[in-house]
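Written below as structure tokens is the structure these notes are about.
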Amino acid sequence: MRYDLLIGEKIKLREMLDSDLELIYDWENRPELWHLGDEHNPLTEAQISDFINHSTGDIYTDGQLRLMIEFGEETIGCIDLFEFDQHNQRAGVGILIANSKNRKSGHAKEAVNLLTNYCFEILNFRQLYCHIPVDNEASMSLFSSCSFEETGRCKDWVKKENEFMDAVFMQRLNG
């Protein structure tokens, strides 16, 4: 991984470290976030430690990539590539800025742009995509500001509490 491309003006993206265990454990075990991902049950510290220690940082080996978002000396969130499809040169993108004090400050936009540039310039991806629950206007605005375009809606895509809601499907093409 060429980490020099993952250093922005205010933030940097870095690989996961053992010292991130407590943060990731907290984030992965927040029930209010479960509707945003594929995990819908608590994870143990052992499961998260295994995830950290078996991650190579190579999406071609792991099929996914999680990078930690650092602002100064503080780790404020993470950004993921998931559902990697090598043949079709695409992956999904998900991002979490964990604490509200770090939101609406440009950090998420910088992280998405850094990761997008890495995917397009180094990994030669054809496209990135995300699906965002329709009630998450901040996320739709973020990805829109990073040149992702709405290309469709997925009906009843996400179960939040006891209701299903639509999700907006957004894509950004390379070129």
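Tabulated values for the structure
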{"read-out": "Centroid-to-centroid separation of the stretch 45-84 and the stretch 128-157 [C-alpha atoms, Å]", "value": "22"}
{"read-out": "With all protein chains modelled, accessible area of residue 156 [1.4 Å, Å²]", "value": "90"}
{"read-out": "Charge context of residue 90, other residues only, Cβ under 9 angstrom, K/R +1, D/E -1", "value": "-1"}
{"read-out": "Among [x] 1.07; [y] 0.99; [z] 1.30, the entry that matches Cα Rg over 2.2 N^0.38 Å as calculated here", "value": "[y]"}
{"read-out": "Surface/4 estimate of mean projected area, convex hull on alpha-carbon atoms of the stretch 63-137, nm²", "value": "5.5"}
{"read-out": "Neighbourhood net charge (9 Å Cβ-Cβ; Lys/Arg +1, Asp/Glu -1) for residue 169", "value": "0"}
{"read-out": "Using a Förster distance of 41 Å, the FRET efficiency for residue 73-residue 155 (Cβ separation, nearest 0.05)", "value": "0.40"}
{"read-out": "Value of [θ]222 nm, deg cm²/dmol, for the chain, DSSP H segments ≥ 4, -39500 (n - 2.57) each, nearest 500", "value": "-7500 deg cm²/dmol"}
{"read-out": "Relative contact order (%) - criterion: Cα under 8 Å, at least six apart; region: the chain", "value": "18"}
{"read-out": "The chain, accessible surface, carbon-and-sulfur percent (1.4 angstrom probe)", "value": "45"}
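The values are calculated or read from the model by the stated rules, or taken from the named source; none is laboratory data. This is a predicted model, so every value here is computed, not measured. A quick note on method: Cβ atoms are made from the backbone with ideal geometry, for glycine too, and the neighbour counts reach across all protein chains shown. Ligands, DNA and RNA are excluded from the accessible area calculation, which covers all protein heavy atoms including side chains. Shrake-Rupley method; radii C 1.70, N 1.55, O 1.52, S 1.80 Å.
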